[in-house]
Number of protein chains: 6
Amino acid sequence: MRPSKRQPDEMRPVSIRRNYTMHAEGSVLIEFGNTKVLCNASIEDRVPGFLRGKGQGWVTAEYGMLPRSTTQRMGREAARGKQGGRTMEIQRLIGRSLRAVMDMEKLGERTVTIDCDVIQADGGTRTASITGGFVALADAIGKLVEDGTLTENPLCGSVASVSVGIYKGTPVLDLDYPEDSNAETDMNVVMTDAGAFIEVQGTAEGHPFTEDEMNQMLALAKKGIGELTRIQQTALKG
Amino acid sequence: MRPSKRQPDEMRPVSIRRNYTMHAEGSVLIEFGNTKVLCNASIEDRVPGFLRGKGQGWVTAEYGMLPRSTTQRMGREAARGKQGGRTMEIQRLIGRSLRAVMDMEKLGERTVTIDCDVIQADGGTRTASITGGFVALADAIGKLVEDGTLTENPLCGSVASVSVGIYKGTPVLDLDYPEDSNAETDMNVVMTDAGAFIEVQGTAEGHPFTEDEMNQMLALAKKGIGELTRIQQTALKG
Amino acid sequence: MRPSKRQPDEMRPVSIRRNYTMHAEGSVLIEFGNTKVLCNASIEDRVPGFLRGKGQGWVTAEYGMLPRSTTQRMGREAARGKQGGRTMEIQRLIGRSLRAVMDMEKLGERTVTIDCDVIQADGGTRTASITGGFVALADAIGKLVEDGTLTENPLCGSVASVSVGIYKGTPVLDLDYPEDSNAETDMNVVMTDAGAFIEVQGTAEGHPFTEDEMNQMLALAKKGIGELTRIQQTALKG
Amino acid sequence: MRPSKRQPDEMRPVSIRRNYTMHAEGSVLIEFGNTKVLCNASIEDRVPGFLRGKGQGWVTAEYGMLPRSTTQRMGREAARGKQGGRTMEIQRLIGRSLRAVMDMEKLGERTVTIDCDVIQADGGTRTASITGGFVALADAIGKLVEDGTLTENPLCGSVASVSVGIYKGTPVLDLDYPEDSNAETDMNVVMTDAGAFIEVQGTAEGHPFTEDEMNQMLALAKKGIGELTRIQQTALKG
Amino acid sequence: MRPSKRQPDEMRPVSIRRNYTMHAEGSVLIEFGNTKVLCNASIEDRVPGFLRGKGQGWVTAEYGMLPRSTTQRMGREAARGKQGGRTMEIQRLIGRSLRAVMDMEKLGERTVTIDCDVIQADGGTRTASITGGFVALADAIGKLVEDGTLTENPLCGSVASVSVGIYKGTPVLDLDYPEDSNAETDMNVVMTDAGAFIEVQGTAEGHPFTEDEMNQMLALAKKGIGELTRIQQTALKG
Amino acid sequence: MRPSKRQPDEMRPVSIRRNYTMHAEGSVLIEFGNTKVLCNASIEDRVPGFLRGKGQGWVTAEYGMLPRSTTQRMGREAARGKQGGRTMEIQRLIGRSLRAVMDMEKLGERTVTIDCDVIQADGGTRTASITGGFVALADAIGKLVEDGTLTENPLCGSVASVSVGIYKGTPVLDLDYPEDSNAETDMNVVMTDAGAFIEVQGTAEGHPFTEDEMNQMLALAKKGIGELTRIQQTALKG
């Protein structure tokens, strides 16, 4: 029995609110149950040094947790003067995931930065960030297409992400914090709307996992990402 | 005529939502028009080094702006590796303002940290932080009183804050961003519910201001803080 | 009775020595009693990024305390690897105050940096920095006028600053350290030679202050700044 | 055809030299072809703060590349003042992987730090670090067992790692740099000697990958890790 | 001919003013011609971690240049967030030099920190810092002896320092900035009052130097340090 | 009797291996007994800001110790976020020493960076770095000459370095760690193949040293550097 009484293959309620703040080109509040992440997409007409003059764009992400998004207050990274390893790891994952569906030449020499800030954390903040970040990205790109800046949409698909894991011996979908902190194995999966993998990151926390367990987790992930893709599509039409 | 068509002595609509996030001992989303600040109060059973063993508590504040809370994206302070001067100045102001109504001996050896994170900025983020921060602080303290940890409420009053300024020659109350960035003078005032001053910070931006202008601004501030105090009281009863 | 036996409206002896060091375009040692601050003005033919190509100049300030300018040795900020919040707050105040009397277009694309380094501290280091910093600035600008680099003096007035406060219930002028550390209220005031306000920063330390107390403090500040303006004028003629 | 003319399932020659430096409790130079990593294990009789007094030990890792271990010189992280995101991500991976086979209670209140420093890089530095790091860890632990500090070996298995990927449409084992920088997909796999997974980190670089491709990659990884485990065992007996 | 018209073996006028600031246990302004360094000695009743509980004291030094002590303004190290290599090198040299005449056991568990801050630079700031720093140290120790904290003076001699160099082929004593920046060789020498060496740091700037040149430089240094020792003694008696 | 049983004027066995790693333009592993330093020379077609457009090149060095190159593990400088004073001092020394034999105009607008990374430390890491760094530099320059980039060799001599000291009253050559940590005096000497001095850095550790002791140490250094120069020449011919 999961602490939340969910079925093993049952996700938490997911909600996506677009245009959540007023300044960003794309602004999404995504909720996976009690996990709430604000994803803002900003477009700037310049690219990082290594891309200058190559006629290509860039998509990058930054991630942060509000100090009291967690059960115990965490020190503010800006005050400590550096981002921790976990933060860096997550923002690199978000950036790679979103770049996977962007045609950088069609985007042209501009950078889209996706800021994912965790308002409230209850497990799955990185998967919510990717899933909500994609919608913010799509909104920001949509504006460039609408206003004629881009003649062609540079997005070649959509991206969503969910966590799966082994909790008390059972493969489960979309772990919340009480599960995540006790899971034997934790896997974050990022997939396209076409059902292909962008990222698979599985970690044995309690004991090593078998190929069979991995396959069961991947099947759950596939199911969850299918649902998330539909929720993204509905939100983007709304 | 103000850009927002408000009367010179008219504040923006103010809203205070308590229990906005689930982990913090006090959690308030305050809005001054389009300015939205999340104020979370966290209680920890320890005090900074300089107070250890003195039987006193401490109240401190941290302030941050989400990178895209503003019109143009601002660099993330955690990524740049330090908090800017404006951030430091504001969080010191919030901390001092809230300490002014706290009896540190009654609080005992614990620290309350008020995290003020700007979700959306449209002028007045520091005054909203102080006003909302007080409500978060009151909620956190309220829990300590309710559960019997404290036998007496250590708060000896309430605190609220508003900005006033001279805009196109006219003293105005509660400047939004279009006014703030063009005001000749900008003053942030912090007062208690008893109508006394905690902080007065007036800055000539365009040209020096006269004593007469200062008195007019202070009168507006007094009016605004009176209204804010009532809104705080209503929220705390709600 | 004030610890220094001064009258409530009596300033400490103030001395201003120009050309104190030999390399700076303007170099002033200012003393407010035992408080000694070295103010050096440096002119450079470039402006910060946000002003490039706009035909305007900039005035900025940096502030530091020598580690043993204080009763107890303070850690060196360069060794700790960052400037504290108080330092940032003060140097921002000095910069804003001096910019208030500078016509940036007449200054042209150059930056004046005022370095205020506290040799010995006994209260009032920020007000001494502003008052002495203005004289250093005037000297540096004077050289640009003399050598024909500038055809018109871009300074449109002078600036001076003093602290006032409530000490044991009495409004007093120009607090020294023993007063400052026990004052109920502390206010730093910056005014022009024309008697208008540039900055008013009042802080309740012990208990909130009333409008009446504020008015008494402002009257004292006005008197003190009048005296300081005369001392500046005498020094600049000398 | 692979640039190195290797078969798709052929690893580079692997060599493990123990006791490579004289001070460390465990010191291994591991080579995966031209990739050379020095793995030093250090034992200290203390644990990180969060474990103090719990009767448990800790295993952690740090990773660095010598500035000219790469084709182009990379800036020295010590000189730049911070470790990059890639470094953090890799050292966190190494640490997690090695902790997976350590019984922390049997280890007792001591910390083993595995320093993995890349002398020469040609792809696969993180997998070489984990594989060599395990041998260094085993050597260090072996000394504690030999000298009677530990009565029971706290290692409950061995760990090795290899990369797999899709290169020009073909799944290949143990990518070198020319392959790695052109691979469509790159996956790092960490497994125990019992054939179970500790970590699976797959990333689509060029285009998303299918479940079928993943299964082929996992099969190659299994083969490679089997070989590495034997090489580790031979080295540890030698 | 030296730019200053001094004879090759002629030092600049040296002045030592004790009790220059009021808070430090020892406070000396030393001038070597136009070079002015403020040396403050602070005593604290604790020692660095590596000496705790060993019954010994410590002497350390910190060095800084005011930003406009030099011809061109130098960036403030506190603002840049780190001390440069030259600063570190000099403060380590000052510390080592002063420790050479201190009996750490007689000093007991206390730390003396010598802050050397350059007010005005014209060559020789490190030698002036050592020479003035010794006087500040002697004054601070003198107070501990006078007030009975120490029953025996832990200083076992005095220390002074001077630079020598080869300027246009001629060995010269006490280089000022115009000489220093053009010298072929530059050597800083630290000696005791007994004429023994504490530090010799010779650097070929233009071309390598011969043993013969070194001997001539050392002879000049000996002469200069003899003079400095007498000036120190006179100052300490005054 | 020296702990190593060497004669007072006997160096440790020295070995120089060229082309130690494959990417660097010059790559040398140098051993002074158990001290092992990897010296990699990298050539880049740009110069630091202060040399831009002057038609000159630059030679610089960076130094680091692997965390477990020492008896006790040292914290990694990259993780601590800054290079220590000793590191800075050493890398500045290496850079100055190597620049002394380089004709910067003949080198042209390019920078050679010598990375000296200590694999194993047993005293004398800085002297080994300079001696090995020269060979790496010569190799890198040799390639520029060979491929016709440079028409003339910009090296105007060779550089080597050794330490000398007073150990238990006897002047000794090439101190290893057990000697170094107990020596009364420690002197690092850098000389050219022509027998002239580039750097002399002598430090009294235990008690001040006399001129006579210095002369004996210099004679030993001369002998040692003569041997090192021959070993460098043999290596470069090999």
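The values are calculated or read from the model by the stated rules, or taken from the named source; none is laboratory data. Keep in mind that what you see is a predicted model, and the values were worked out from it rather than measured. Counting neighbours? That spans all protein chains shown, and the Cβs are built from the backbone with ideal geometry, glycine included.
Those residues that are surrounded by fewer than 20 Cβ atoms within 10 Å (Cβ to Cβ), at pLDDT 95 or above and assigned to a loop (DSSP other than H, G, I, E, B), I need them from segment F:170-193; list them, please. Result: F:Asp193, single match. Summed over segment F:97-112, residues that are surrounded by fewer than 24 Cβ atoms within 10 Å (Cβ to Cβ) and within 13 Å of chain D (Cβ to nearest Cβ) total 2.
Residues of segment D:72-93 that are at the interface with chain F (Cβ under 7 Å from one of its Cβ atoms) and either crowded, with 20+ Cβ neighbours inside 10 Å or among the charged types (D, E, K, R) (or both): D:Arg73, D:Arg76, D:Glu77, D:Ala78, D:Lys82, D:Gln83.
Residues in segment B:196-206 that are touching a residue at least 12 places away in the same chain (Cβ under 8 Å) and within 8 Å of another protein chain (Cβ to nearest Cβ): 7 in all.
Evaluation of F:Met65 against the conditions (1) touching a residue at least 60 places away in the same chain (Cβ under 8 Å); (2) closer than 24 Å to F:Ser158 by Cα shows that the sole unmet condition is (2). Every condition in (1) more than 27 Å from C:Pro208 (Cα to Cα); (2) under 16 Å from the mean Cα position of the chain (by Cα); (3) among the acidic types (Asp, Glu) holds for B:Asp115 except the one numbered (1). Before we move on, is F:Tyr167 within 27 Å of F:Pro3 (Cβ to Cβ) and in contact with a helix residue (DSSP H, G or I) (Cβ under 6 Å, 6 or more places away or on another chain)? Taking the combined requirement at face value, the residue satisfies it. Scanning segment D:135-169 for residues that are closer than 22 Å to D:Gly202 by Cβ and in contact (Cβ under 8 Å) with a residue 40 or more places away in the chain gives D:Val159, D:Ala160, D:Ser161, D:Val162, D:Ser163, D:Val164, D:Gly165, D:Ile166, D:Tyr167.
Yes or no: segment B:110-118 includes at least one residue that is of a type outside the set (Lys, Arg) and assigned to a loop (DSSP other than H, G, I, E, B). No, because not a single residue in segment B:110-118 is of a type outside the set (Lys, Arg) and assigned to a loop (DSSP other than H, G, I, E, B). The residue that is surrounded by the fewest Cβ atoms within 10 Å (Cβ to Cβ), among those in segment D:207-218 that are touching a residue at least 24 places away in the same chain (Cβ under 8 Å) and farther than 14 Å from D:Thr127 by Cβ, is D:Gln216. If I filter segment D:139-160 for residues that are surrounded by 24 or more Cβ atoms within 10 Å (Cβ to Cβ) and touching a helix residue (DSSP H, G or I) at 6+ places or on another chain (Cβ under 6 Å), do I get at least one hit? Within segment D:139-160, one or more residues are surrounded by 24 or more Cβ atoms within 10 Å (Cβ to Cβ) and touching a helix residue (DSSP H, G or I) at 6+ places or on another chain (Cβ under 6 Å).
Okay, residues lined up against (1) in contact (Cβ under 8 Å) with a residue 24 or more places away in the chain; (2) in contact with a helix residue (DSSP H, G or I) (Cβ under 6 Å, 6 or more places away or on another chain); (3) within 21 Å of A:Gly124 (Cα to Cα):
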{"site": "A:Arg12", "(1), (2), (3)": "yes, no, yes"}
{"site": "A:Thr21", "(1), (2), (3)": "no, no, no"}
{"site": "A:Phe32", "(1), (2), (3)": "yes, yes, yes"}
{"site": "A:Pro48", "(1), (2), (3)": "yes, no, no"}
{"site": "A:Lys82", "(1), (2), (3)": "no, no, no"}
{"site": "A:Glu89", "(1), (2), (3)": "no, yes, yes"}
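Residues in segment A:114-143 that are within 11 Å of chain B (Cβ to nearest Cβ) and over 24 Å from A:Arg76 (Cβ atoms): A:Ala140 alone. For segment A:18-41, the set of residues classified as more than 12 Å from chain B (Cβ to nearest Cβ) and over 26 Å from A:Glu179 (Cα atoms) consists of A:Arg18 only. Can you name the residue in segment F:84-109 that is within 20 Å of E:Gln201 (Cβ to Cβ) and assigned to a loop (DSSP other than H, G, I, E, B) and is also farthest from the chain's Cα centre (by Cα) among such residues? Applying the filter and picking the extreme gives F:Gly84. If you go through segment B:59-91 and keep only what is over 12 Å from B:Cys116 (Cβ atoms) and touching a Leu at 6+ places or on another chain (Cβ under 7 Å), you end up with just B:Val59.
Would you confirm, using the coordinates I've provided, whether D:Gly238 is closer than 30 Å to D:Asp45 by Cβ and within 10 Å of chain A (Cβ to nearest Cβ)? So D:Gly238 fails the test. Looking across segment C:19-53, the residues that are surrounded by fewer than 20 Cβ atoms within 10 Å (Cβ to Cβ) and among the small types (Gly, Ala, Ser) come down to C:Gly49, C:Gly53.
Scanning segment A:42-71 for residues that are more than 8 Å from chain B (Cβ to nearest Cβ) and either β-branched (Val, Ile, Thr) or over 20 Å from B:Gln83 (Cβ atoms) (or both) yields a count of 18.
In a residue-by-residue description of segment B:42-53, the property of being in contact with a Cys (Cβ under 9 Å, 6 or more places away or on another chain) and among the aliphatic types (A, V, I, L, M) applies to no position. Checked against the criteria, E:Gln56 counts as in contact with an Asp or Glu (Cβ under 8 Å, 6 or more places away or on another chain) and among the polar types (S, T, N, Q). So which residues in segment C:51-83 are in contact with a strand residue (DSSP E or B) (Cβ under 7 Å, 6 or more places away or on another chain), farther than 26 Å from C:Lys106 by Cα and in a loop (DSSP other than H, G, I, E, B), if there are any at all? Scanning segment C:51-83 gives C:Leu66, C:Pro67, C:Arg68, C:Ser69, C:Arg73, C:Met74, C:Arg76.
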